[in-house]
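So the structure is just underneath, and the comments pick up after that.
The values are calculated or read from the model by the stated rules, or taken from the named source; none is laboratory data. The shown structure was predicted, so the numbers you read here are calculated from the model rather than taken from an experiment. Quick reminder, even Gly has a Cβ in these numbers, built from the backbone with ideal geometry, and neighbours come from all protein chains shown.
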Amino acid sequence: MIQDIPSSLTCFPEASPAKGDYVFQSKGDNIALTPWSRAAKVTQPLVKVGETTLFLGAAPDPIWSDTQYLRRLPSADLRFAGFCANHLSRWLLNHRWCGKCGALLTFKGASLHCTACNHEIFPVISPAVIVGILHQGRLLITRYADRPYRGPALVAGYCEVGESAEATCIREAFEETGLHLTRLRYFASQPWGLSGSLLLGYFAECTDAEVRLNDGELSEALWLAPDEVPPPPDPCGALSLTATMIQAFARGETLL
Ligand SMILES: [Zn+2]
């Protein structure tokens with residue numbers, strides 16, 4: 001998975017830019033990752049992986065791409081660092097002013113701090129679930145109706161306040177497909193910096209196989225046998241928890 005890298009990763013390291021580092025920029029839904037040069041302006045080290053640091057800043061002549069570009073980077077270290085830089089940079093750019101008193105926030109250590117009222121804000125991580133729904137030896141493979149990612153997907157959604165991860169699985173499965181889950185079992189988790197999430201993966205069985213695409217989030221849902229599931233969408237293997245779960249199903253390793 002994306003987080004399984006040979007090096008260790010540090011958020012908000014103490015570092016000065018040097019040859020081999022990168023400048024990370026985001027603008028709307030797009031990002032640019034540019035090798036650091038003296039012409040670049042950097043404001044904040046975001047992530048260090050091995051000996052390479054990604055800085056928030058502005059590089060001359062950035063090449064903008066959508067965030068899916070990061071999952072096609074050939075280096076596993078840089079791929080995961082790019083994901084985490086995307087998560088942290090969006091948090092920084094979306095939290096400039098104190099929510100309690102309105103003063104400008106300053107970055108200190110690993111958090112944002114308000115010098116006027118002492119309010120402290122840590123990076124926001126959103127818990128979400130992914131569910132591999134099984135019925136009579138088949139897995140429900142879906143596609144999103146309107147997201148940049150067009151590959152095979154599983155039912156997924158964010159946890160709401162007051163909800164356990166298991167309750168989110170049951171609610172999302174019913175909202176998106178009309179299916180009632182039974183025998184829910186935890187599989188694995190994954191930090192996913194493209195959406196600022198911590199994904200919790202489950203497999204579950206359901207009472208019947210009649211799918212109703214209820215809320216418009218999905219465009220397609222198919223029950224597939226182990227030898228019919230698609231290969232991972234990323235050229236370097238199963239980066240996502242979704243692809244890892246689909247491969248586990250193909251190998252008969254769903255633990256259910
Ligand atoms: Zn304040």
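A few notes on this one:
- Residue satisfying all of: in segment 153-169; farther than 22 Å from residue 229 by Cα and touching a residue at least 24 places away in the same chain (Cβ under 8 Å); nearest to the chain's Cα centre (by Cα) among these: 158
- Test result for residue 132, in the same structural domain as residue 161 (by TED's automatic domain parsing) and either in a helix (DSSP H, G or I) or not polar (S, T, N, Q) (or both): yes
Yes/no per residue for (1) surrounded by fewer than 17 Cβ atoms within 10 Å (Cβ to Cβ); (2) more than 26 Å from residue 233 (Cβ to Cβ); (3) small (Gly, Ala, Ser):
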residue	(1), (2), (3)
19	yes, yes, no
35	yes, yes, no
78	no, no, no
92	no, yes, no
98	no, yes, no
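- Considered as a group, the residues in segment 200-256 that are among the aromatic types (Phe, Trp, Tyr) and buried (at least 21 other Cβ atoms within 10 Å of the Cβ) include one that is farthest from residue 78 (Cα to Cα), and that residue is 203.
- Filtering segment 116-161 to residues that are within 16 Å of the ligand (Cβ to nearest atom) and out of contact with any strand residue (DSSP E or B) (no Cβ under 6 Å at 6 or more places or on another chain) leaves 116, 117, 118, 119.
- Hey, residue 38 closer than 18 Å to residue 192 by Cα, of a type in the set (Lys, Arg) and not in a strand (DSSP E or B) or not: no
- A residue that is away from the ligand (no atom under 16 Å from the Cβ), within 30 Å of residue 213 (Cα to Cα) and charged (D, E, K, R) occurs somewhere in segment 57-75.
- Filter pass, residue 88 being at pLDDT below 95, under 29 Å from residue 6 (Cβ atoms) and either among the basic types (Lys, Arg) or away from the ligand (no atom under 16 Å from the Cβ) (or both): no
- Taken over segment 115-151, residues that are in contact with a helix residue (DSSP H, G or I) (Cβ under 8 Å, 6 or more places away or on another chain), crowded, with 17+ Cβ neighbours inside 10 Å and more than 29 Å from residue 47 (Cβ to Cβ) amount to 8.
- Inter-residue pairs, beta-carbon under 7 Å, first touching a residue at least 60 places away in the same chain (Cβ under 8 Å) and in segment 95-122, second more than 12 Å from the ligand (Cβ to nearest atom) and not acidic (Asp, Glu), 6+ apart: 107/44; 110/11; 110/12
- Flag for residue 112 being surrounded by 12 or more Cβ atoms within 10 Å (Cβ to Cβ), modelled with pLDDT of 95 or more, over 22 Å from residue 79 (Cβ atoms) and within 16 Å of the ligand (Cβ to nearest atom): yes
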